Amino acid sequence: MRVAFTAVPDSHLPPVEELLSIAVNALGGSEREGQITMVRAVQHAIDAKQHLAVQAGTGTGKSLAYLVPSVRHAMDSDKPVVVSTATIALQRQLVDRDLPRLAEALGKELPHEPTYAILKGRRNYLCRYKASAGWPEEDEQDQLFDPREVSATGRMVQRIQQWAEETETGDRDELVPGVSDQAWRQFSVSAQECLGASRCPSGAECFAELARARAGEADVVVTNHALLAIDAMGELPVLPEHEVVVVDEAHELVDRVTSVVTSELSEASVMLAVRRVGRLIDQPIADQLLEAGEDLKALLAAAPPGRIDELPQVLGLTLQAIRDTAWRCITALGPRNADKDDPDKAGQRKAAFTALDEVHDSAVRMLDAYGHATEADRAEVVWLDPGSDRRPPVLRVAPLSVGGMLRDKLFGERTVVLTSATLALGGTFDALAAQWGLGEAGKDWQGIDVGSPFDHPRSGILYVAKHLPQPGRDGLPQAYLDEIAELIEAAGGRTLGLFSSMRAAKAATEALRDRLDVPLLCQGDDSTMLLVKQFAEDEPTCLFGTLSLWQGVDVPGPSLRLVIIDRVPFPRPDDPLTSARQRHVAAKGGNGFMAVAANHAALLLAQGVGRLLRSQDDKGVIAVLDPRLVTARYSGFLLNSLPPFWRTTDPAVPRAALKRLAAASS
């Protein structure tokens, strides 16, 4: 819905509309109706201390629309505004492009030129002390037997050592090309492992502390959803004190927060704790934890993967043994602040406590997940991830909902603006608002759709292949492959194929590579970044892939005229977390399918469809091969979650349109 907003005139600073106009003119752009509506809505939310959800389509200019009122509020209140994103790409866009240009444009209109900083979790920064001193080994047993892996990691370690002598920020993302997690762990510490700036010999020049100091002096602090969750839900703040948060890419918030609060337990995590504590306590006590870890290894190797609804007796006894032996090790270590005057010993003890706490607390949490009277009373789900040839099985535990945590810890303490191109599922914000834990619309929060500058009915066709059979579990039917081939031939290539699984993407690639006269790339052939670059630079090229391409491809222009989606992207029926959430909603009297599976599909489908139009001149076709998008009882909900493209089920219409576009491009 559209709502008129006006800023509350209680500040000596210029009105937000005036600041936006100055910024847009300085940046060489033009003001858009949706952008003006959004900037007023964000300013009103800040003034009224009311949460706001804003759906803003691609091309709206939403970054400026929230940055301008954010900067204005920071100047007015002398407190920073935190901007949280889901992806590194958007963080870099904000810090490297949007904020520098905005600061320069508004510097003369405000008390001082706006300042900004980026802040990440401590693990993202090189630890000077760890890089220069002895530290517990971070080896992983399952990789020690692969000489190629050891050699590759060794080369990465050497690159990090060289980079450590040159870097001014210690930020891992500035190390190009990147390095593996295994190599990076040898140079970084978690917040739990850190000795603290006052006790660490390198504390005065700590990269993480310097980043925090810069953030503490900035008007706008750019971070990620994971650190935002850690700050909101942890005992100690990691972000500067703030009153306002802007959550961009807000459709990702629940998944990112869930990842932060998911715990895991495996043979590897137990053995790491044993290695770290082994030389610090009596060996017989450490051996008790070692035996419990070996029991867990044997149990997980034999257990069936998937959700564990009832606690088997043998697993319960094993978890109790891990809990109790880990606690004995923690007790044997003695006071946590011992050896504080000896950094080497203090570092070893801190690392041991961190590993033991993780093992102990994970076992406690898994045991506590059981024993509830009814399904509706459950708060968490436990499942076994089977692992792979290179990765051993892992037990995981996650909350069935993070809404309560977000409501109490994030929304209860500050004003939050949530924005994305896809928030209104089924035409309303209610689905995501419920996942965020927000209360009554209009009272606790407000939602607005500021529209899109694109003329969707004139720029694109949404074609649903109603004549095709419903997708099955046995891979892509021949009819689907024929349909894909005919559409690509009509488009002259220029196709992004979005598949629900990597198996389907690879199968389509193998079946069609020899059949088509245009280059066909598949995710996994090279780094995704290089594949997307090649796809964008060579018009006839096609690119097939899965989840990261559904949300991460931005290719304006004639290189992308056709987006093919093989099926409605419902979560896998055997996915432990989503299936447990679906059943939990049903047990509480709700519609589990619509609340979980349909919302998931609608969100991902909207993201995939959003790959087509990335600039004002773009035109093309979205082809969904799954007939359920127009025939199933939930089809209206899914269609109402998508932009208003011109719709058809006639196979001749998209083919003709694609041929016209191909002819115009040649």
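Can you list the aspartates and glutamates whose alpha carbon sits under 18 Å from that of LYS79, skipping same-chain ones fewer than 8 residues off?
Of all the aspartates and glutamates, those that pass the test against LYS79 - Cα under 18 Å, at least 8 places apart if same chain - are ASP10, ASP47, GLU113, GLU217, ASP219, ASP231, GLU241, GLU243, GLU413.
Two-decimal Rg/Rh of segment 459-578 from alpha-carbon positions, Kirkwood Rh?
My calculation puts Rg/Rh at 0.95.
Please give me, ordered by residue number, the GluC sites (Glu not before Pro) of segment 250-358 that lie in loop per DSSP and have at most 14 other Cβ atoms within 10 Å.
Sparse-neighbourhood loop GluC sites (Glu not before Pro): GLU310.
Using alpha-carbon positions, what is the distance between the centroids of segment 359-383 and segment 176-220, in Å?
Rounded to whole Å, the Cα centres lie 34 Å apart.
Quick one: give the max-minus-min coordinate of the C-alpha atoms of segment 292-411 along each principal axis, largest first, in Å.
Largest to smallest, the principal-axis extents are 51, 43, 29 Å.
Note down the relative contact order for the chain as a percent, whole number, built from C-alpha pairs under 8 angstrom at least six residues apart.
Relative contact order here is 16 percent.
Just how large is the dipole of the chain about the Cα centre, in debye to the nearest 20, putting +1 at every Lys and Arg Cβ and -1 at every Asp and Glu Cβ?
1160
Over its Cα atoms, what ratio of radius of gyration to 2.2 N^0.38 Å does segment 522-643 give?
That ratio works out to 1.21.
Just for the chain, what percent of DSSP beta bridges are antiparallel, to the closest 5?
20
When every alpha-carbon pair in segment 261-336 is counted, what percent end up more than 22 Å apart?
26
If the only charges are +1 at each Lys and Arg Cβ and -1 at each Asp and Glu Cβ, what is the size of the charge dipole of segment 356-445 around the Cα centre, to the nearest 20 debye?
Rounded to the nearest 20 debye, it is 240 debye.
For GLY497, which sequence-distant residues (separation of 5 or more, or a different chain) have an amide H within less than 5 Å of its own amide H, given hydrogens modelled in the peptide plane?
LEU543, PHE544, GLY545, ILE564
Kindly sort LYS130, LYS506 by accessible area of their heavy atoms, largest first, with the probe set to 1.4 Å.
Result of the area sort, largest leading: LYS506, LYS130.
Where the centre of each part is set by its Cα atoms, how far does segment 440-512 sit from segment 592-633, in angstrom?
So the separation of the two Cα centres works out to 7 Å.
Given the DSSP H assignment, sum -39500 (n - 2.57) over each helix run of at least 4 residues in the chain and divide by its residue total; what's the result at 222 nm in deg cm²/dmol, nearest 500?
-13000 deg cm²/dmol
Taking every pair of alpha-carbon atoms in segment 606-660, what share in percent sits in each 5 Å bin, from 0 to the bin with the longest distance?
P(r) over segment 606-660, rounded to whole percents: 4, 15, 26, 27, 18, 8, 2.
Starting from the Cα-Cα distance between SER665 and SER151, subtract it from 0.36 nm times their residue separation and give me the gain in nm to one decimal.
Full extension of this stretch gives 180.2 nm more.
Considering the options MET405, VAL417, VAL381, tell which one lies farthest towards the positive end of the dipole of segment 375-430, charges being +1 on Lys and Arg and -1 on Asp and Glu at the Cβ, about the Cα centre.
Of the options given, the answer is VAL417.
So which of LYS62/LYS466; LYS120/LYS409; LYS49/LYS588 end up more than 26 Å apart, counting from Cα to Cα?
Violating the 26 Å limit, Cα to Cα: LYS62/LYS466; LYS49/LYS588.
Of LEU300, GLN320, VAL359, whose Cα points farthest to the positive end of the dipole of segment 288-401 (charges on the beta-carbon: +1 Lys, Arg; -1 Asp, Glu; origin at the Cα centre)?
Farthest towards the positive pole: VAL359.
Where only protein heavy atoms count, and the probe is 1.4 Å, what is the accessible area per residue for the chain in Å²?
44
With all protein chains present, how much of the accessible area of segment 159-273 (probe radius 1.4 Å) comes from carbon and sulfur, to the nearest whole percent?
48
When N counts the residues of segment 503-556, how does its alpha-carbon radius of gyration compare numerically with 2.2 N^0.38 Å, as a ratio?
Expressed relative to 2.2 N^0.38 Å, the Cα Rg reads 1.07.
How far is the Cα center of segment 112-129 from the Cα center of segment 244-282, in Å?
21
Over the Cα atoms of segment 68-126, each weighted equally, I'd like the Debye log10 I(q)/I(0) at q = 0.21, 0.26, 0.30 Å⁻¹, rounded to two decimals.
Once normalised to I(0) and log-transformed, intensities are -0.87, -1.15, -1.33.
List, in order, the whole-Hz ³J(HN,Hα) value for each residue of segment 397-404 obtained from phi through the Karplus relation with A = 6.51, B = -1.76, C = 1.60 and θ = phi - 60°; use x for Gly and Pro.
With coefficients 6.51, -1.76 and 1.60, one gets 9, 9, x, 6, 8, 10, x, x Hz.
Along each principal axis of its Cα atoms, how long is the chain end to end? Whole angstroms, biggest number first, please.
Each principal axis gives a Cα extent; for the chain these are 77, 65, 54 Å.
The values are calculated or read from the model by the stated rules, or taken from the named source; none is laboratory data. Just so we're clear, the structure is a prediction, and the values are computed from it rather than from any experiment. Neighbour counts run over all protein chains shown; Cβ positions are idealised from the backbone, glycine included. Please note that ligands, DNA and RNA were not included when accessible areas were found on the heavy atoms of the full protein model with its side chains. Shrake-Rupley method; radii C 1.70, N 1.55, O 1.52, S 1.80 Å.
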